[in-house]
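Okay, so here's the structure we're looking at.
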Amino acid sequence: MKKLLAFLLPLGLTPAFAEPLQDARAFDHAYAASFYIFDGCGDAKYGLLFRDALDARFAQCPFSDQAREAHRRRNAQQAKKSRDLMKNLIDETGGVPVRLPGMSETCRQRQSAPDYVEARARLERFSQGALKAEDIVSGPCDAETLTP
């Protein structure tokens, strides 16, 4: 049974006997983190693309209606909070910050890191239709964490 679920859930398929998923925290956290990872250093295009892939992957998953609605509400709140925070940072620094609070490296250093460069390239391929949402957000629907 576990092997069947392990195979079906990443594909977004739910066997008739499976209960809908209730916990979308990994998707919520990935959504929130995308603002810090991408938008915070001026890569809003890639933040939007990642969130598009995340939304598409979430839609494939067998979440309950309640979990879907809660996720939608949290995303709307997070988007507003993140936009307000970025506006304040830009106002304070006179532009996109060189280094975000809590970041050990500058935005330029982060953006030139091989994993970041690869993430952006994959998001570009996703935007062109060459990759699917599950290629960008590859974890199972019930993953504990999801990252770009």
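We did not get these values from a lab; they are worked out from the coordinates using the rules stated. Just so you know, these numbers come straight off a predicted model, no measurement behind them. Note that we place each Cβ from the backbone using ideal geometry, even for glycine, and neighbour counts take in every protein chain shown.
This model, with +1 at the C-beta of Lys and Arg and -1 at the C-beta of Asp and Glu, gives the range 23-136 a dipole about its Cα centre of some 160 debye.
The lysine pair tally for the chain, using Cα distances under 23 Å and a gap of 8 or more places or different chains, is 4. Between the helical axis of 65-93 and the longest alpha-carbon principal axis of the chain there is an angle of about 10 degrees.
Helix 44-60 axis versus longest C-alpha principal axis of the chain: approximately 10°, rounded to the nearest ten. If you wrap the Cα atoms of the chain in a convex hull and average its projected area over all directions, you get 9.5 nm². Axis of helix 25-37 versus longest Cα principal axis of the chain: the two differ by about 20°, to the nearest ten degrees.
Pairs of Cα atoms nearer than 8 Å and 6+ residues apart set the relative contact order; for the range 98-148 it is 18 percent.
For the range 16-148, relative contact order (Cα pairs under 8 Å, six or more residues apart, normalised by length) works out to 37 percent. In order along the range 113-122, the phi-based Karplus estimate (6.51 cos²θ - 1.76 cosθ + 1.60, θ = phi - 60°) of 3J(HN,Hα) comes to 5, x, 5, 6, 4, 5, 4, 5, 5, 5 Hz; Gly and Pro are listed as x. Ordering F58, L89, Y46 by the projection of their Cα atoms onto the charge dipole of the range 23-136, which places +1 on the Cβ of Lys and Arg and -1 on the Cβ of Asp and Glu, puts L89 at the extreme positive end.
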